[in-house]
Amino acid sequence: AQTVTQSQPEMSVQEAETVTLSCTYDTSESDYYLFWYKQPPSRQMILVIRQEAYKQQNATENRFSVNFQKAAKSFSLKISDSQLGDAAMYFCAYKIGAGSYQLTFGKGTKLSVIP
Amino acid sequence: EPEVTQTPSHQVTQMGQEVILRCVPISNHLYFYWYRQILGQKVEFLVSFYNNEISEKSEIFDDQFSVERPDGSNFTLKIRSTKLEDSAMYFCASSEPYRSETQYFGPGTRLLVL
């Protein structure tokens, strides 16, 4: 069974600084997808970024980028120029490429942004 | 920008009662999902639905749960006889045709069973 581990229950960052959230996963599959979702206090799950396992290039979305290390099964999220609105729970998620529809989530990292 | 919507936002019910949670997926999406998140825990997959039938379900999705797409826009989750442990946030999600890997979530329904 696939597992997703987020080893940092809580993180904090100064406004305008950079922070990196860690995620590791365990799978025997070669075709899969990885995601970061943001859950602000409103509790809505918002897609931040996605990465296809077959792509070597790290995904980037504005201030958000990932460091995807396939051999190490690591998928960290870097937030640059942190803003107060970035404060939220961040969930790392995995989905096998074919044969299953379910997302497997990590336990989440609570990010605080200090003004 | 199209969004997944869910109603109600909050629901309080008595143990043993039936509840129906409603979702309106993004209009051109064909895959639909329900997840739940018990307070303080990780988000867990319940069920996926495609072409008017369940395509996958988890161990959590037992006989007390059912899903339905009663018309062209709504997608519902029914819990027949609620238990205290059903108290959770329930998220609906949907994904596009040919891109079922990326799921877009609704705002959730917070269910409290007393």
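Only a single item in (1) in contact with a His (Cβ under 6 Å, 6 or more places away or on another chain); (2) surrounded by 17 or more Cβ atoms within 10 Å (Cβ to Cβ) is not met by B:P107, and it is number (1). Between B:I26, B:I54, the distinction of being part of a strand (DSSP E or B), β-branched (V, I, T) and more than 8 Å from every other protein chain (Cβ to nearest Cβ) belongs to B:I54 only.
Taken together, the criteria exclude A:S12 from residues that are over 30 Å from B:S9 (Cα atoms), out of contact with any helix residue (DSSP H, G or I) (no Cβ under 7 Å at 6 or more places or on another chain) and away from every other protein chain (no Cβ under 14 Å). Contact map, the range A:19-38: first residue within 11 Å of another protein chain (Cβ to nearest Cβ) and under 13 Å from A:R50 (Cβ atoms), second residue among the small types (G, A, S) and part of a loop (DSSP other than H, G, I, E, B), Cβ cut-off under 6 Å, separation 6 or more or different chains; pairs are A:Y32/A:A53; A:Y32/A:G97.
When the range A:95-107 is filtered for residues that are at the interface with another protein chain (Cβ under 7 Å from one of its Cβ atoms) and either of a type outside the set (F, W, Y) or at positive phi (or both), the ones remaining, listed by number, are A:K95, A:S100, A:Q102, A:L103, A:G106, A:K107. In the range B:11-21, the count of residues that are away from chain A (no Cβ under 11 Å), modelled with pLDDT of 95 or more and within 30 Å of A:P9 (Cα to Cα) is one or more.
Only a single criterion out of (1) surrounded by 14 or more Cβ atoms within 10 Å (Cβ to Cβ); (2) modelled with pLDDT of 95 or more is not satisfied by A:I114, namely (1). For the range B:65-114, enumerate the residues that are in a strand (DSSP E or B) and free of Cβ contacts under 8 Å to residues at least 12 places away in the same chain. The answer is B:E68, B:R99, B:E101, B:T102. Of A:T27, A:T109, A:T3, A:T18, all but one fail to be surrounded by fewer than 21 Cβ atoms within 10 Å (Cβ to Cβ) and modelled with pLDDT of 95 or more; the exception is A:T18. Considering only residues that are crowded, with 17+ Cβ neighbours inside 10 Å, among the charged types (D, E, K, R) and within 11 Å of A:Y101 (Cβ to Cβ), which ones fall in the range B:44-64? B:K57, the sole residue that qualifies. Counting only residues that are away from every other protein chain (no Cβ under 12 Å) and either more than 14 Å from the chain's Cα centre (by Cα) or of a type in the set (A, V, I, L, M) (or both), the range B:81-114 holds 12 of them.
The single condition among (1) among the polar types (S, T, N, Q); (2) part of a strand (DSSP E or B); (3) more than 14 Å from chain B (Cβ to nearest Cβ) that A:Q51 does not satisfy is (3). Residue check: A:S28 meets all listed conditions (1) touching a strand residue (DSSP E or B) at 6+ places or on another chain (Cβ under 8 Å); (2) farther than 17 Å from A:L84 by Cα but one, namely (1).
Which residues, counting only those in the range A:58-93, are without any contact (Cβ under 8 Å) to a residue 24 or more places away in the chain, more than 14 Å from chain B (Cβ to nearest Cβ), under 25 Å from A:E17 (Cβ atoms) and assigned to a loop (DSSP other than H, G, I, E, B)? Once the filter is applied, which keeps residues that are without any contact (Cβ under 8 Å) to a residue 24 or more places away in the chain, more than 14 Å from chain B (Cβ to nearest Cβ), under 25 Å from A:E17 (Cβ atoms) and assigned to a loop (DSSP other than H, G, I, E, B), the range A:58-93 yields A:N58, A:N62, A:R63.
Which ones in the range B:72-88 are under 19 Å from B:T7 (Cβ atoms) and modelled with pLDDT of 95 or more? Within the range B:72-88, B:F75, B:T76, B:L77, B:K78, B:I79, B:T82, B:D86, B:S87, B:A88 meet the criteria.
The values are calculated or read from the model by the stated rules, or taken from the named source; none is laboratory data. Everything numeric in this text was worked out from a predicted model, so none of it was measured. Methodologically, a virtual Cβ is constructed for each residue, glycine included, from the backbone with ideal geometry; neighbour enumeration extends over all protein chains shown.
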